[in-house]
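First up is the structure itself, then whatever we jot down about it.
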Amino acid sequence: MTIITNDLLVAVRTAGHPTNRLHMTGGVLLDTVYTLVGPAAVAAFDGLHADWAFLGAESIDAEAGVTNINVVEIPIKHAMMAAAAKTVFVADSTKFGRRSFATVCQLSQADLILTDDGLAIESRAAFGTKLRCVH
């Protein structure tokens, strides 16, 4: 599996596995979340293709879409989405029904949304068939 990431924690957890090939972006460290951001990180995705992009979501709302408090992360998320055939957003159930400062994308741009089974049953319908709740 080839992994392309700007996340230092993902890199540490996947490095050295015999079936993984790891590519890291350049960029400036956003030390609160251990990710690399900025023009170098965005440029690292130019000309690349990925089957899947798995992106963390700070907030997910049926109307507002995927939003983020930190605007410097949005360009790298857009670059990852552009490089991928399919986009998956991952968020724990406490992040649903909330809106953060800036829009990452509308839900129509997500292929799949993964969360835990703590999301209330009555809240799930708003996300349609894109939502998968896992135990």
Filtered residue count, segment 30-51, keeping only those that are loosely packed, with under 13 Cβ neighbours inside 10 Å and not acidic (Asp, Glu): 4
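A quick yes/no check of all residues on (1) over 11 Å from the mean Cα position of the chain (by Cα); (2) closer than 30 Å to Pro39 by Cβ:
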| site | (1), (2) |
| --- | --- |
| Val90 | no, yes |
| Lys95 | yes, yes |
| Thr115 | yes, no |
| Ala120 | yes, no |
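Yes or no, residue by residue, for (1) hydrophobic (A, V, I, L, M, F, W, C); (2) outside any loop (DSSP other than H, G, I, E, B); (3) modelled with pLDDT of 95 or more; (4) closer than 22 Å to Phe45 by Cα:
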| position | (1), (2), (3), (4) |
| --- | --- |
| Met80 | yes, yes, yes, yes |
| Val88 | yes, yes, yes, yes |
| Ser100 | no, no, yes, no |
| Val104 | yes, yes, yes, yes |
| Leu114 | yes, yes, yes, no |
| Gly118 | no, no, yes, no |
Residue under evaluation Val66, criteria (1) within 26 Å of Thr25 (Cβ to Cβ); (2) among the β-branched types (Val, Ile, Thr); (3) outside any strand (DSSP E or B), criterion not met: (3)
Cβ pairs under 8 Å, 6+ apart, first in segment 76-88 and in contact (Cβ under 8 Å) with a residue 40 or more places away in the chain, second hydrophobic (A, V, I, L, M, F, W, C) and assigned to a helix (DSSP H, G or I): Ile76/Ala41; Ile76/Val42
Out of Gly27, Gly56, Gly65, sole residue that is surrounded by 13 or more Cβ atoms within 10 Å (Cβ to Cβ), touching a helix residue (DSSP H, G or I) at 6+ places or on another chain (Cβ under 7 Å) and closer than 27 Å to Gly97 by Cβ: Gly65
Residue pairs meeting the criteria (Cβ under 7 Å; at least 6 apart or on separate chains; first among the basic types (Lys, Arg), in segment 106-126; second crowded, with 16+ Cβ neighbours inside 10 Å): Arg124/Leu131
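Residue-wise test of (1) free of Cβ contacts under 8 Å to residues at least 24 places away in the same chain; (2) closer than 14 Å to Ala82 by Cβ.
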| residue | (1), (2) |
| --- | --- |
| Gly26 | yes, no |
| Leu29 | yes, no |
| Tyr34 | no, no |
| Val37 | no, no |
| Ala50 | no, yes |
| Ala57 | no, no |
| Glu63 | yes, no |
| Ile69 | no, no |
Any hit, segment 110-121, residues being of a type in the set (Val, Ile, Thr) and buried (at least 16 other Cβ atoms within 10 Å of the Cβ): yes
Identity of the residue in segment 68-89, in contact with an Asp or Glu (Cβ under 6 Å, 6 or more places away or on another chain), within 21 Å of Arg21 (Cα to Cα) and not charged (D, E, K, R), that ends up surrounded by the fewest Cβ atoms within 10 Å (Cβ to Cβ): Ala85
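The values are calculated or read from the model by the stated rules, or taken from the named source; none is laboratory data. Predicted model only: the values in this text are computed from it and were never measured. Because the Cβ atoms are built from the backbone with ideal geometry, glycine has one as well, and the counts that use them run over all protein chains shown.
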